[in-house]
Amino acid sequence: MTPSQPDDAGSPSPGQPPKPGQSAMPPAVVYALDCLERGTPVQVRRHMVALGYSPEEAAAAVRAALAQQEAETQSAWSPDDSGARRCMSLGFLLVVCGILAGAARVFLQQSLPATVPVTLNAFAWGCVIVGLGVFLLGVVKFRFPRR
């Protein structure tokens, strides 16, 4: 009988060796790692004992799963950095908007009324300066996060 969906790319298939660089984890540790996403270590240990694992085996599996969780590196796109990423994105867009407004002023200067190029010039410089400030605020948030 074949499974209806392929296995997860990160988990080894039954009967197949693990991929190079991937350590073989016992099924109890894999199960405990999955259960730890939804519960506390004590709840997971109790649940595994209720499923038929010995108390020592369940405790060892939970400890190994906790060690595996701590060993995993944090994502580069963590929610803690979302404010800094927003600042940097908004700053970049403001700088691009300022550059486009400056280019429009240069190329359309002859065909615009007299006051429009001055307004476009002020808008362009304002966008560039504010955009750089907001972008640098995002960089500062990345470098010195509040913990």
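Observations, loosely collected:
- Out of F123, F142, one residue alone is at pLDDT below 90 and either of a type outside the set (S, T, N, Q) or assigned to a helix (DSSP H, G or I) (or both). It is F142.
- Any hit, the stretch 7-15, residues being over 30 Å from V128 (Cβ atoms), open to solvent by less than 90 Å² (accessible area, probe 1.4 Å), out of contact with any helix residue (DSSP H, G or I) (no Cβ under 7 Å at 6 or more places or on another chain) and at pLDDT 85 or above: no
- Going through (1) under 23 Å from S82 (Cα atoms); (2) open to solvent by less than 90 Å² (accessible area, probe 1.4 Å); (3) not charged (D, E, K, R) one by one, L136 falls short only on (2).
- Within the stretch 63-73, not a single residue is open to solvent by less than 70 Å² (accessible area, probe 1.4 Å), farther than 18 Å from P27 by Cα, without any contact (Cβ under 8 Å) to a residue 12 or more places away in the chain and of a type in the set (S, T, N, Q).
- Residue check, L66 touching a Pro at 6+ places or on another chain (Cβ under 8 Å) and either among the acidic types (D, E) or more than 30 Å from V140 (Cβ to Cβ) (or both): yes
- Search result, residues across the stretch 113-127 that are open to solvent by 40 Å² or more (accessible area, probe 1.4 Å) and not aromatic (F, W, Y): P113, A114, T115, V116, V118, T119, L120, N121, A122
- Within the stretch 28-57, considering residues that are buried (at least 16 other Cβ atoms within 10 Å of the Cβ) and small (G, A, S), the one nearest to E70 (Cα to Cα): A32
The values are calculated or read from the model by the stated rules, or taken from the named source; none is laboratory data. Because the structure is a prediction, the values reported are computed rather than measured. So basically every Cβ, Gly included, is an ideal-geometry build from the backbone, and we count neighbours across all protein chains shown. Heavy atoms of the whole protein, side chains included, go into the accessibility calculation; ligands, DNA and RNA do not. Shrake-Rupley method; radii C 1.70, N 1.55, O 1.52, S 1.80 Å.
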